[in-house]
Amino acid sequence: GQQVMQIPQYQHVQEGEDFTTYCNSSTTLSNIQWYKQRPGGHPVFLIQLVKSGEVKKQKRLTFQFGEAKKNSSLHITATQTTDVGTYFCTLPGDSWGKLQFGAGTQVVVTP
Amino acid sequence: KAGVTQTPRYLIKTRGQQVTLSCSPISGHRSVSWYQQTPGQGLQFLFEYFSETQRNKGNFPGRFSGRQFSNSRSEMNVSTLELGDSALYLCASSNGPANEQFFGPGTRLTVL
């Protein structure tokens, strides 16, 4: 079956710095979704990427889908304490409600 | 629009007991999925229900089961609880293929 790897698993960032987290799949994807889970919270949908090479921005967050549709990245600029949490990429399954989650990148921000 | 609700939020059980968790999806959402989240294994898919039918199942033992009612509300049951079943159980609903999933707050199950 398909496998997903997310790196890094842990990211310690100084407030104001930029960082990037990466998601790599063993297979070509129809789409990829990103979720954020705050400490003590539940996953919340951020974005879905569908097209090869697609780039989407949400304020300080930039999401990219690779040309081969096998990898994706999330870049955060000028990190703020509100960015704390775990960011997951998810691969689609063979039905609506089945998502395969990556291990996530846990982000800690120091002021 | 009300979000996904899960009850109870916290539960403490002992080994060998069984437990039932409940999930009410967003109104109009017909797909309800369940996930188990643990520090060691991360977020793992348990099963998905759609129009009262189990449409997909993850790699969990038969002690884990679920069902969906005609109003789309769903329950999951874990029988003969083991210590390793301690986890956050998340329910999510969606209303279309490749659409985002809306997660509930989860039920934190502790097995002693």
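The values are calculated or read from the model by the stated rules, or taken from the named source; none is laboratory data. All values reported here derive from a predicted model rather than from experimental measurement. Cβ coordinates were reconstructed from backbone atoms using ideal geometry, including for glycine residues, and neighbour counts include every protein chain displayed. Keep in mind that these areas ignore ligands, DNA and RNA; they rest on the heavy atoms of the full protein, side chains included. Shrake-Rupley method; radii C 1.70, N 1.55, O 1.52, S 1.80 Å.
Within chain A, what is the longest stretch that has no trypsin sites (Lys or Arg not before Pro) placed in a DSSP loop and near at most 11 other beta-carbon atoms within 10 Å? The longest such stretch corresponds to A:60-111. Put simply, the Cα atoms of the protein assembly as shown extend 48, 36, 35 Å along their principal axes, the longest span coming first. For B:Ser33, neighbours were defined as the other residues whose beta-carbon sits under 14 Å from its Cβ, and their charges (Lys and Arg +1, Asp and Glu -1) total +2. Derived scalar couplings between HN and Hα for the range B:59-76 equal 8, 10, x, x, 5, 9, 9, x, 7, 10, 9, 5, 8, 6, 4, 10, 10, 10 Hz in order, rounded to whole Hz, by the Karplus curve 6.51 cos²θ - 1.76 cosθ + 1.60 (θ = phi - 60°), x for Gly and Pro.
Residues in the range B:1-64 average 53 Å² of solvent-accessible surface per residue, probe 1.4 Å, ligands and nucleic acids excluded.
Quick check: at a probe of 1.4 Å, how many percent of the accessible area of chain A sits on carbon and sulfur atoms? Exposed carbon and sulfur together represent 51 percent of the surface. The residues of the range A:13-108 expose, per residue, 44 Å² of accessible area to a 1.4 Å probe. Note on exposure: A:Glu54, A:Glu15, B:Glu48 ranked by accessible area (1.4 Å probe, complete protein assembly) read A:Glu15, A:Glu54, B:Glu48, with the most exposed listed first. Summed over both chains, the contact between B and A buries some 1700 Å² of accessible surface at a probe radius of 1.4 Å. Spatially, the range B:14-82 and the range A:44-97 are offset by 26 Å when compared through their Cα centroids. A quarter of the convex hull surface defined by the alpha-carbon atoms of chain B gives 6.5 nm² as the mean projection. Under 28 Å Cα to Cα from A:Lys36, which lysines show up? Leave out anything in the same chain fewer than 8 places away. Correct list for A:Lys36: A:Lys51, A:Lys56, A:Lys57, A:Lys59, A:Lys69, A:Lys70, A:Lys98, B:Lys1, B:Lys57. Taking amide H positions as modeled 1.01 Å from N, with prolines and chain starts lacking one, the residues under 5 Å from B:Gly106 and 5 or more places away or on another chain are B:Gln6, B:Cys91.
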